[in-house]
Each structure stands twice: as C-alpha cells, then as structure tokens.
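Here the structure is laid out as structure tokens; the discussion comes afterwards.
Just so it is clear, none of the values below were taken in a lab; they were calculated from the coordinates. This structure is a prediction, so every number in the text was calculated from the model and none was measured. Quick reminder, even Gly has a Cβ in these numbers, built from the backbone with ideal geometry, and neighbours come from all protein chains shown.
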Amino acid sequence: MNYLGHAILSPEDDKMTVGNLAGDMLKNKFHPFLKEKVLIGVKLHRTIDSLTDSDPHFKKMLKYFRAEFGKYSPVVVDVLLDHLIAGHWTDLFAESYLDFSTAVYRTVLREKRELPPPVSGYMERMAEGRWMDAYGSEAGMLRVFDRLSVKASKTLDGRSVMKIYGKNRAPIEGHFYAFLESMRVRISEEAMGKKEVIPRIKWKN
C-alpha cells in the first residue's frame, strides 16, 4: 500500500505516523539520526510492507495484473489498494475522509522537522499537494501511475490498470475486503503489539 494504506494503519502518535508514511525514503543510513518514535514508525512501515507481500489475498489480486505488468504487478496492486480504500471509505470508517486526510496532512507538516532534509521536503510536497486525495478518482489514479512510471523501467499505464480492474471488479473487491481485514488484525497483533498504541482511525466494525 502507498500513503493512504499506511496512513490508516498508523498509530495515533504523530511521530510514529510521519515515520511510517516516510518509511520508503528513510533508509538505514538515516536511522541513527531519527528519534525513537519516528524510527518505530519506519519499522512499522516495513512490517506493513512485509505482511502485505506475504498475504494470500494480496497474492490473489496480483494474478489479474501479471500478464500486463509482470514484475511490477505488486506496485500496481499497492496503488490500486489505496484507490479501493478511498472508494469504499464510508463502508470502512465512521470518520469522514476529509477530516482524516486533513489531520494526516497537518501531522506531516507539523512533524516534518523530525525528518532529514531530502525526505522532509518530499513529505512537505505530499502534504501541501494533498497527494492522498488522488486515489479517490480515476483521473487522480492516472496521475499517480504517470509519476510512478518515471521511476520504473516500464510504463505503468493507469488506463490499463483501471480497465483490468473494471473487468474483474467483483473478485478483486472480494479479495480487497478479505485482505484489509487480515491486515487490520495482523498489524494489531504483530506490528503494534502494545495495547497503549492507539490506531489513528477507528474501523466501523
């Protein structure tokens, strides 16, 4: 999952949240300079990624995209998961998306000083540009895939992604709900562990 997925699985603690959201960019060389709670957030990010990659429901979603995207299928499904979270938001959470996302952006802008300069600037642009909002629309998804294509050696055609998703909507969404419930339970048990770590957002049920 990308920003939105990591945000909903973040703890209430702001420093842990910013570490989690910036986890991909905070390589090991930065770890000695991070505060303890930011580093916990980075480790949570890696735990989420590891649990995602090993989840059987995630693996079932990959099969719909392998023929078109090959080794980039996990990247494609990671982005699609955020689109599904945004699209099914009212089924999952009582808090409005606007309230939640605004709070996350404010957290990032408030805590960016805890991150090293190259990472803090990137996260500032994410928050000020409200990048998570892009996952809520097909047009936004196309922009996300265009941005990812710059980093990949293959063009990740967002239109092809949405076309494949449209043709297989029912089974993909079935796997999505099963995956999200699995992650919710596994993160609570394995990644956070401690009862004093309160989730940033409450699930409806």
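Consider residue 8 carefully, then state whether it is β-branched (Val, Ile, Thr), out of contact with any strand residue (DSSP E or B) (no Cβ under 6 Å at 6 or more places or on another chain) and over 24 Å from residue 71 (Cα atoms).
Details: β-branched (Val, Ile, Thr): yes; out of contact with any strand residue (DSSP E or B) (no Cβ under 6 Å at 6 or more places or on another chain): yes; over 24 Å from residue 71 (Cα atoms): yes.
Criteria met by residue 8.
Take the residues of region 56-86 that are charged (D, E, K, R) and under 16 Å from the mean Cα position of the chain (by Cα): which is surrounded by the fewest Cβ atoms within 10 Å (Cβ to Cβ)? Steps first, answer last, please.
Applying the first criterion (charged (D, E, K, R)) to region 56-86 yields 59-60, 63, 66, 68, 71, 78, 82.
This time we only want the ones that are under 16 Å from the mean Cα position of the chain (by Cα), so: 78, 82.
Numbers: 78: 19, 82: 23.
Top of the filtered list is 78.
Looking at region 123-140 only, could you name the residues that are over 16 Å from the mean Cα position of the chain (by Cα) and either in contact (Cβ under 8 Å) with a residue 12 or more places away in the chain or closer than 26 Å to residue 37 by Cα (or both)?
Selection gives 124, 125, 128, 129, 138.
Can you pull out the residues in region 90-109 that are in contact (Cβ under 8 Å) with a residue 12 or more places away in the chain and either among the β-branched types (Val, Ile, Thr) or in contact with a Phe, Trp or Tyr (Cβ under 6 Å, 6 or more places away or on another chain) (or both)?
The answer is 97, 104, 107, 108.
Being outside any helix (DSSP H, G or I) and small (Gly, Ala, Ser) is the filter here; which residues of region 111-169 pass it? Walk me through how you get there before you give the answer.
Keep residues of region 111-169 that are outside any helix (DSSP H, G or I), which gives 115-116, 129-130, 137, 152-157, 168.
129, 137, 152, 153, listed by residue number.
Given the criteria crowded, with 17+ Cβ neighbours inside 10 Å and either in a helix (DSSP H, G or I) or out of contact with any His (no Cβ under 6 Å at 6 or more places or on another chain) (or both), does residue 107 qualify?
Details: crowded, with 17+ Cβ neighbours inside 10 Å: yes; either in a helix (DSSP H, G or I) or out of contact with any His (no Cβ under 6 Å at 6 or more places or on another chain) (or both): yes.
Yes.
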